[in-house]
Protein chains: 2
Amino acid sequence: MTEPTLAEVDQTVKTWLKASRALVLQRMTTPLNVDEKTGRKDLVTNVDKENERLLVSKIRAFSPDSQVLGEEGFGDSVTDTTGWVWVVDPIDGTMNFVKQRDHFAMMIALYIDGRGVLGYIYDVMANVLYSGGPSLGVFKNDQPLTKPANLALRDGLVAISGPLITEQQMNMPEVVRQSAGLRAYGSAGIEFSHMLTGELITYVSYLKPWDFGAGKILAETLGLRVTRVDGTPLSMLSSDFVMVATEKAQQDILPIIG
Amino acid sequence: MTEPTLAEVDQTVKTWLKASRALVLQRMTTPLNVDEKTGRKDLVTNVDKENERLLVSKIRAFSPDSQVLGEEGFGDSVTDTTGWVWVVDPIDGTMNFVKQRDHFAMMIALYIDGRGVLGYIYDVMANVLYSGGPSLGVFKNDQPLTKPANLALRDGLVAISGPLITEQQMNMPEVVRQSAGLRAYGSAGIEFSHMLTGELITYVSYLKPWDFGAGKILAETLGLRVTRVDGTPLSMLSSDFVMVATEKAQQDILPIIG
């Protein structure tokens, strides 16, 4: 079998996401089954699991030699990044999904030999799909996105996760003070999407690979910095404090938190 | 002239808001003129001013004996609440309007002899209007809203404005810790709207009368508490730290911040 072109992969992933959205909307009409994972603020539902199983099965059928890294554990135990590695977050922002029935995302990323190739962030309730990668560009639904303005910290809004602020970690309150204001949406996918459109200029949170896998590809394609919070490179297979920022905001923030 | 019925007033206000939305969307296609009011985080634009002038002129034509309290000063200097008092916020969340081009609201409230009668929160970009009052009920566009679940603090998401968290005021970080998580949207109108749908169970911020005038009417109609942060009644003509909460969340929070 001939290897599919990137455009063909892109079209295929979009059909998966549309099918998954239909599944999720249908399941939202019946009561959720909610479980705690590591604690009361770390939730998983029957829909997270069912959607991950669906997406992983589609990936395996389409691309049987790939590895799959999935949040809910229906993929593989990935320890090296050789070849095709898919990263799947079936419901990002599960707390929002449970408490708000809105403001959550599905995310899929494709890495080949460790390089980000395609990323997808699907804001399910808004029905807005952010997609693309370094060779395709980045799209909001069918509309190409241009690079966000390279704004300094004082000129833009920042999203910093709750615990970093309430526990005063890494001088984050000072980052907020020097910015134009604090926002917090509770879903890495939603927060990455606001970075892509320039609505935020910084996003800092402790993230796992499925939280940043897609967003990193899309954000870097648009010239944004996606690093560990100290500015060093992220490992695609590790959890870390992640900073997404415009180049200027990164330059402003590093000395504050250093 | 016969006094209009409440249903007639309601229909009339909705026509104003639709016209104002069209104005704002049109003005967003041309560069904004942005000025600082009290500081770099307190902005006003040409669109705030033009829309307030438009709404105030419509109110004066429709209801010439009313007083009008408007954020940008095109109304009256209101010192007593006798008779009809309209409260107008032409663009709530001006920082979002400027930086995000999204997540801002228009708000109008009608008080008669100090009692809240009609409230309107219009999420402009989503084109969703929250409207109603104690005698009409509350609507999200044309869909009636039911009372949000009376959830305790630990069972829901809280929105608390940035400075209250970063400056550790009134033990607010502990309120966040005991909740299901922190959210921050940057527009009182958007935050009130998420209270109406049950997506948030608490919202705390320093607010001015035009920030809470409409939301208070709608939230109280749905059984939510809208008070000063110590639980005492708000004055409709004063700025204050305001807490919007479910009954249970209010009971949980008062001892934490007391």
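Derivation of every value follows stated rules applied to the coordinates shown; laboratory data play no part. Small disclaimer: the values here were computed from a predicted structure and weren't measured. For neighbour counting, all protein chains shown are included, and Cβ atoms are generated from backbone atoms with ideal geometry for every residue, glycine included.
Data overview
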{"quantity": "Total formal charge among the other residues, if their Cβ is under 12 angstrom from that of B:V128, Lys/Arg +1 and Asp/Glu -1", "calculated": "-1"}
{"quantity": "Region B:121-224 - charge dipole about Cα centre, Lys and Arg +1 at Cβ, Asp and Glu -1, debye rounded to 20", "calculated": "100"}
{"quantity": "Cα-derived Rg to Rh of chain A, Kirkwood definition", "calculated": "0.95"}
{"quantity": "Charge-dipole axis of the protein assembly as shown as Lys and Arg at +1 and Asp and Glu at -1 on Cβ define it, positive-most pick from B:A245, A:L69, A:V244", "calculated": "A:L69"}
{"quantity": "Calculated from backbone phi, Karplus (6.51, -1.76, 1.60) coupling profile of region B:112-128 in Hz, x at Gly/Pro", "calculated": "10, 6, x, 9, x, 10, 9, x, 9, 10, 10, 6, 5, 6, 6, 6, 10"}
{"quantity": "Fewest-first ranking of A:D252, A:D76, using other Cβ atoms within 10 Å as the exposure measure", "calculated": "A:D76, A:D252"}
{"quantity": "Spacing of the two label points (7 Å from each Cα toward its C-beta) at A:L23 and A:T5, in nm", "calculated": "2.9"}
{"quantity": "Cα long-axis angle, helix B:247-257 against chain B (0 to 90 degrees, to the nearest 10)", "calculated": "60"}
{"quantity": "Sum of side-chain charges, A:A245 neighbourhood, beta-carbon under 10 Å (Lys, Arg +1; Asp, Glu -1)", "calculated": "0"}
{"quantity": "Rounded tilt (10° steps) of A:46-62 against the dominant C-alpha axis of chain A", "calculated": "60"}
{"quantity": "Coordinate range along principal axes, alpha carbons of region A:1-152, Å, largest first", "calculated": "42, 39, 31"}
{"quantity": "Label distances, nm, B:Q178 versus same residue in remaining copies, Cβ-directed 7 Å point", "calculated": "3.4"}
{"quantity": "Total charge dipole magnitude, the protein assembly as shown, about the Cα centre, Cβ charges on Lys, Arg, Asp, Glu only, Debye to nearest 20", "calculated": "360"}
{"quantity": "For region B:6-144, size of Cβ-based charge dipole, Lys and Arg +1, Asp and Glu -1, in debye", "calculated": "420"}
{"quantity": "Inter-label distance for B:D142 and B:E36, nm, one decimal - labels placed 7 Å from Cα along Cα-to-Cβ", "calculated": "4.7"}
{"quantity": "Pairwise centroid distance, computed over Cα atoms, of region B:67-94 with region A:178-255, Å", "calculated": "40"}
{"quantity": "Shortest-first distances to equivalent copies, position B:G258, nm, label 7 Å out along Cβ", "calculated": "4.8"}
{"quantity": "Coil-residue trypsin sites (Lys or Arg not before Pro) of region A:7-88, DSSP, other Cβ within 10 Å capped at 16", "calculated": "A:R40, A:K41"}
{"quantity": "Sequence of A:S66, A:S77 once ranked by neighbouring C-beta atoms within 10 Å, starting from the fewest", "calculated": "A:S77, A:S66"}
{"quantity": "In degrees, nearest ten, helix A:209-221 long axis to first principal axis of chain A (Cα)", "calculated": "70"}
{"quantity": "Cα-Cα over 27 Å, subset of B:K37/B:K248; A:K37/B:K140; A:K18/A:K248; A:K147/A:K208", "calculated": "B:K37/B:K248; A:K37/B:K140; A:K18/A:K248"}
{"quantity": "Mean separation of Cα contacts under 8 Å (6+ apart) over length of chain A, as relative contact order %", "calculated": "15"}
{"quantity": "Label geometry 7 Å along the beta-carbon vector: B:S77 inter-copy distances in nm", "calculated": "7.5"}
{"quantity": "Exposure proxy order (Cβ contacts within 10 Å, fewest to most) of B:S205, B:S179", "calculated": "B:S205, B:S179"}
